[in-house]
């Protein structure tokens with residue numbers, strides 16, 4: 001038996017899923033996550049809620065972001081991003097200049113906060129660590145590998161850890177002089193110090 005709409009059993013035909021391209025689906029999930037995480041928090045927001053609000057299959061969260069925690073980090077980070085900052089860094093100088101400038105203007109962002117706070121849920125901390133490694137440690141390792149520097153991974157992790165300490169110390173007022181000098185002076189000194197560790201050239205191309 002069919003109903004007047006031609007559906008067996010006289011039911012109502014299900015609406016076909018909304019057609020989206022990958023970029024639109026990813027953006028919809030990001031915007032939905034920003035809203036829900038902002039109003040409900042991480043624990044009370046489910047991936048199903050995010051998918052329903054975005055109008056796409058919640059399974060796409062795994063495809064585009066990896067996990068709920070990865071999406072959380074991406075969502076809160078996107079709210080603090082600005083077009084002048086690249087999605088990926090190239091070279092030591094660009095990494096140092098970008099981080100010092102951003103933290104000077106906006107304070108420690110969600111990635112640094114997730115790493116520094118003692119009450120950060122483990123899955124968010126792990127996602128933040130992975131993002132920091134992907135955007136900062138890995139480009140430094142690639143540059144050192146290309147230049148034949150030994151112990152690239154350890155050197156890169158020390159360099160990024162030192163940089164995080166510098167920007168947090170400057171932002172949070174740990175030291176008077178560090179917090180009062182111009183950003184370009186801090187950047188120059190950090191690039192020289194970390195350049196020796198990583199084997200980077202003075203212009204940051206290494």
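Taking all pairs of different Cα atoms in segment 22-78, averaging 1/r and flipping that mean, what Kirkwood radius in angstroms comes out?
Working: mean 1/r = 0.0941 Å⁻¹.
Mean inverse Cα-Cα distance, inverted, gives 10.6 Å.
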Round to the nearest 0.05 the FRET efficiency obtained for residue 113 and residue 62 when R0 = 22 Å and r is the Cβ-Cβ distance. 0.30
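Taking the square root of 5 times each eigenvalue of the Cα gyration tensor, what semi-axes in Å does the equivalent ellipsoid of segment 92-198 have, largest first? Could the numbers behind the result be given before it?
Numbers: eigenvalues 96, 79, 21 Å².
That gives 22, 20, 10 Å for the three semi-axes.
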Mind checking the full-extension length gain between residue 129 and residue 106? Use 0.36 nm per residue of separation minus the Cα-Cα distance, one decimal, nm. 6.3 nm
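Since every read-out is calculated from the coordinates, none of them should be taken as a lab result. Predicted model, so just to flag it, every value in this text is computed and none were measured. Here the Cβ is made from the backbone with ideal geometry for all residues, glycine too, and neighbour counts use every protein chain on show.
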